[in-house]
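Participant: Structure provided below as structure tokens; questions to follow.
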Amino acid sequence: MNEIHESNRRHWDRAARKWEALRDEDGLWRRCHKEPDLAFEGGALELLREIAGDDLTEKDVCLVGSGDNYTAFALAGLGARVTSTDISQRQLDVASDRARQLGLSIAFVQADAANLQSLENSSFDLVCSTNGFFVWIADLQGVFNEVSRILRPGGFYVFYDIHPFVRPWKDQIRPIEMEKPYWETGPFGDSERETFEFNWTLADLLNPLAKSGFILFRILESPAEDSRFWQGYSYVPGTDNRLLDWKENPRAGLPVWLTVAVQKPPAAPVDGHAA
Ligand SMILES: C[S@@+](CC[C@H](N)C(=O)[O-])C[C@H]1O[C@@H](n2cnc3c(N)ncnc32)[C@H](O)[C@@H]1O
């Protein structure tokens, strides 16, 4: 068992009710299955559509570190057979109750993303993770190995997350001020919450993907499209478009989203025919 992941699991179990109440304030979770744009950032939905088409019917999709599960609801709304995994059973309980209210059929499986042993080899067409996931992960190689294992040959792993270039700066609009060097990646312990977080670099994220055997399909590095990113809101629209202009807000001159699509190599042809 990964002790860091275990500590983070306990935190998320404790925090689940608080996040449930917060997300109930705007109730956006009720809309994601009909408005999938609400659940994606950084061009990830467009990339998914390019890879898998508009209709995900007959596609087996697994979400790792599913959290609020807005993405699971959106993917189910697009027709996919969705398996939602998270290390926190309590986060999954909240999501499962919401899925029931929305009439969505989603399989919820409690699992550390670095140990998905309850999921079979080569059982998914697509695996996704979304923002705020990697920061909790001590063992990136373990996660990418597992993602590769559960994907069918030719399947894709698509993720978007906070771009590593966001991390070194103090969270203030002006002046732009460095808080720590890019290469200081953690673990950053929080003694009160008993959590451990990581600020991985681009190299930290991409090299283990290659080591797991993935083929790079696309990388996107995008700015925030909505000022909510700079105003600390997760989903509700921001109110100050000036924050999107790098001359007003210098950090807006760097990418805030990193979106990556990688492919598990397709099976080798047998006697001239695709396996
Ligand atoms: C900040 S949330 C973000 C997740 C999701 N993108 C969202 O928008 O809600 C982080 C989630 O990752 C989960 N998590 C943390 N460590 C994990 C791990 N090792 N394996 C799987 N899930 C993990 C937490 O339980 C939590 O639900």
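Derivation of every value follows stated rules applied to the coordinates shown; laboratory data play no part. For clarity, every value in this text was computed on a predicted model and none was experimentally measured. Heads up, the Cβs are rebuilt from the backbone with ideal geometry, glycines too, and the neighbour counts pull from every protein chain shown.
Participant: Compute the long axis of helix 202-211 from its Cα atoms, compare it with the longest principal axis of the Cα atoms of the chain, and write down the angle in degrees, 0 to 90, nearest 10.
Facilitator: That helix lies at roughly 10 degrees to the long axis.
Participant: How big is the C-alpha Rg of segment 41-87 next to the rule-of-thumb value 2.2 N^0.38 Å, as a ratio?
Facilitator: Numbers: Rg = 10.4 Å, N = 47, 2.2 N^0.38 = 9.5 Å.
Here the Cα radius of gyration is 1.09 times the empirical estimate.
Participant: Taking only C-alpha pairs under 8 Å that are 6+ residues apart, what is the relative contact order of segment 78-192 in percent? Walk me through the intermediate numbers first.
Facilitator: Working: 126 pairs, mean separation 23.8, N = 115.
So the answer I get is 21 percent.
Participant: Still on this structure: Karplus couplings for segment 91-104 from phi (6.51 cos²θ - 1.76 cosθ + 1.60, θ = phi - 60°), rounded to Hz, Gly and Pro as x?
Facilitator: 3J(HN,Hα) across segment 91-104, in whole Hz: 4, 5, 4, 4, 5, 5, 5, 5, 4, 4, 5, 8, x, 9.
Participant: At q = 0.09, 0.16 Å⁻¹, work out log10 I(q)/I(0) for the chain with the Debye formula, treating every Cα as an identical point scatterer and leaving solvent out; two decimals please.
Facilitator: Debye curve over Cα of the chain, log10 I(q)/I(0) at q = 0.09, 0.16 Å⁻¹: -0.41, -1.40.
Participant: Right, here's the next one. Taking only C-alpha pairs under 8 Å that are 6+ residues apart, what is the relative contact order of the chain in percent? Walk me through the numbers on the way to the answer.
Facilitator: Working: 514 pairs, mean separation 50.9, N = 275.
Result for the chain is 18 percent.
Participant: Something else now. What distance in nm separates the two pseudo spin-label positions at E192 and N121, each 7 Å out from Cα along the beta-carbon direction?
Facilitator: That separation, rounded to one decimal, is 4.7 nm.
Participant: Which longest run of the chain has no exposed loop site in it, a site being trypsin sites (Lys or Arg not before Pro) in a DSSP loop with at most 12 other beta carbons within 10 Å, and the site itself not part of the run? Could you put the intermediate results ahead of the total?
Facilitator: Details: sites that count: K34, K170, K247.
In the chain, the maximal stretch lacking such sites is 35-169.
Participant: Let me ask something additional. Take the cross-link list K180/K264; K34/K264; K59/K264; K34/K247 and give me the ones stretching past 25 Å between alpha-carbons. Mind showing how you got there, number by number?
Facilitator: On the way: K180/K264 35 Å; K34/K264 30 Å; K59/K264 16 Å; K34/K247 36 Å.
Pairs exceeding 25 Å: K180/K264; K34/K264; K34/K247.
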